[in-house]
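Working notes for the structure below.
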Amino acid sequence: MYGAELIEALRARAGEKTLQSSRGPSTHGRIARASAISFFGAGGERMRAAGCDIVVDAKDLAVVGITEIVSRLPKILARYKKLIRAADERHPDVAVVIDSPAFNWRVARQMRKRGIPVVYYVCPQFWAWRQGRVKLLRKYVNKALVIFPFEEKFYRDRGVDATFVGHPLADLSAPSISREAYGAEHGLNLAKFWITIMPGSRRKEVRMNLPAILEAANRLGSGYEFLLPVARTLDSAFVQGLIETRQAASLQRDPGVRHAGIRLGSIHLVPEALPALFHARAAIVASGTATVEAAIMGTPFIMVYRVSPLTYALGKPRVKVAHFAMVNLIAGEEVVPELVQNKFTAENIVAELKKIIPDGEPRTDMITKLARVKASLKHESDQTPAAERAAEIILEAVS
């Protein structure tokens, strides 16, 4: 999701230089000495709008979970080969890979075989699990650009040339739209508390996460409005279908209820996450980048997540960290509750929300700690945005 910003920063930093690069949620590209700046690789609509020639659509690579990846391997392999062929045709001078380690370390390997320098932006979270894979970075990556403050030491201690550039989301500003205007735009009741629910950005994880969240909304009742920002990787019809299925199931279980939708509260599908988070009293957020967005918006939240039982059984023994939520990892303590797998129930969601929705010490304490986490995501030396700092280092790699 950071590729578009990186393209803009590369253009700004390059000045009269010319370059070609990139890959969106996991971006590949090249910097070429030509008469104009151009980009090619894999990414989504934001990358395309920023001027990237999309060779592989990022949606084809959006898979979560061990068992889920296995079922999609043939399609992913085909996209991988297509991207490598494009690189062979265009002869890149540098490759920039972003996130998605399962796909990107293989791309990095192929680029290094061709003598192409590789810069990894938004490095894999190998510190969380499968730490032995750090050797892949040492072998195939010339420069690692990390976005969490503790990552630089972790990777450098293991022989990787890593630099903390700050988090790309750290410079997000509060949305300018007022609560009143936002409420009018989406038909929200200003007298009620708003709860933002973010079940994930991939179909599989939304299917796994949304039912329990909706049941929690049902238990909270009609005294709240619920905002559900639809991720760019999804479509509203898919999310709406899941909600309607849940409503139908609720009505079937209790035919005496005339309006099942009321039992689930008022669910409003909205297009953007940041204003929904900023104006919410609290949030229910699936593990991932959205938890960082919630922290930056200063919104108290609960982290939730569920994967298939087999994926969880295979993955849990490999986890090397004390917390799942990125906010907690950065803080070194549990700032937000983590409801994962069997703990992820409607009852537990409601219980945790009731601690942070009302004014009081639990809410104030969480807001204070979220502010500290936000501050730590900026580079301590100056206020240069992460994408600009990353762009400068990438340009140095081809100078």
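The values are calculated or read from the model by the stated rules, or taken from the named source; none is laboratory data. What you are looking at is a predicted structure, and each value in this text was computed from that prediction instead of being measured. For neighbour counting, all protein chains shown are included, and Cβ atoms are generated from backbone atoms with ideal geometry for every residue, glycine included. Ligands, DNA and RNA are stripped out before the accessible areas are found, and what is left, the full protein with its side chains, is counted by its heavy atoms. Shrake-Rupley method; radii C 1.70, N 1.55, O 1.52, S 1.80 Å.
The protection proxy used here, the mean number of other Cβ atoms lying within 10 Å of each residue, ranks peptides 84-94, 179-189 as follows, highest first: 84-94, 179-189. A dipole drawn for the stretch 182-249 from +1 and -1 charges on Cβ atoms has a positive end, and of Trp194, Ala212, Gly183 the residue lying farthest that way is Ala212.
Based on protein heavy atoms only, the stretch 276-399 ends up with 44 Å² per residue of surface accessible to a 1.4 Å probe. Calculated accessible area for the stretch 67-188 comes out at 47 Å² per residue, all protein chains present (probe 1.4 Å; ligands, DNA, RNA ignored).
Ranked by the mean number of other Cβ atoms within 10 Å of their residues, highest first, the peptides 267-280, 226-239 fall in the order 267-280, 226-239. Here Lys139 is the anchor, and the lysines within straight C-alpha reach of less than 19 Å, apart from those fewer than 8 places off in the same chain, are Lys113, Lys153.
Spacing of the modelled spin labels on Glu272 and Leu190, each 7 Å from Cα toward Cβ, amounts to 2.0 nm. Rounded, prolate or oblate: which fits the stretch 116-157, taking a ≥ b ≥ c as square roots of the Cα gyration tensor eigenvalues, rounded meaning a/c under 1.5, else prolate when a/b beats b/c? In terms of gyration-tensor shape, oblate. Of all lysines in the structure, the ones whose alpha carbon falls short of 20 Å from that of Lys204, not counting any fewer than 8 places away in one chain, are Lys59, Lys75, Lys316, Lys343.
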